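Enquirer: Before I ask anything, let me first share the structure, which is written out below as C-alpha cells.
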Amino acid sequence: MDTQEQNAEQHIPVENHFAGSAVRKTTAEVLALIAGETIKKCVFDFSQCDFIDSSGIGALVSLSQEFRNHSAQMVLKNLNNDLYELFVDTGLDRIFTIEKNGDLRKADIDLFETSVDIRLSLRKEVAGEVCVFYMSGVMNHPIGSQYFKQQLLLSLTDHKLILLDMEDLTFFDSLSLSAVLTMNNLLKGTGGGLRICNANYIVLDLLTTLCINSIIPVFDTREAALEGWSSTHG
C-alpha cells in the first residue's frame, strides 16, 4: 500500500474491491502506521474503489475508533455515487467525515461516546459463520440504539451474518427499530444478512404490528434461525 505523508497527514488508497484480504491488509498497515507515527489526519481515497463488503465497513468503523483514541481525524474521500448512496442510506455518512466533490461533510454522531445511561446489554457468541448477539435489558433511543449500532458495526469485520436473540430483551421503543432496519439494509447491501429469534410477546407484537417480520426473518427459536444459514444460503 502506497502512502504519502504531508505534515503528519496520511493518504491511503483503497483497493478496487475492498473485501477479504484487501481489508485485512489495509487494516494491518494502517494500525502499524498509527502505532509508529504521529498522525493528525488520515484520508482514505476511494477513487479506485467500486465495491465494499460488510468486513470493509467493519474495518473502517474499527479504525475510526483507533483514530479517535489517538486524537486524529479520519476522512473518506472520492466515494463513487453508488458507495456514497450506500453510506447515506445506512446512516454511515453521519459517523464518518466524508469529502465529496471538494466539500467536507463532518460526522455529526460520535459512535464511541460513552454513557452511563446504557440499559442495553449485548453478549456476543459465534456459531459457525453467524455472530449471535444475546440482547437483554431495554433498548431505548438514542443511547441504546447507538450502542447497538456500534457493537454490530464493529462485528462486521469478522462476520456478515448476524442473529439477534431477543429472549431476555425486556423492551425496545419504536424509534430504536430504525437502528435495526438500518443494520439490515447495510448487511443486505454488502452481501450479509440479519435474523431475529426468541422475541418475547411484547417485542414480537411490536415487530408484527410494524410489519418488521416481513422485512427481517423472525424465528421462534435460535436453532430454527441458525438451521441451514450460511453465507451461500442467505
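The numbers here are math on the coordinates, done by the rules we state, and not lab data. Note that this is a predicted model, so its numbers are computed, not measured. Cβ placement follows ideal geometry from the backbone for every residue including glycine, while neighbour counts extend to all protein chains displayed.
Enquirer: Can you put 181, 60, 122 in order of Cβ neighbours within 10 angstrom, beginning with the fewest? Intermediate results must be reported in sequence, preceding the final value.
Expert: On the way: 181 16, 60 26, 122 20.
Ranked by crowding around the Cβ, least crowded first: 181, 122, 60.
Enquirer: Which lysines have a Cα less than 18 Å from the Cα of residue 40, not counting those fewer than 8 places away in the same chain?
Expert: List returned: 77, 106.
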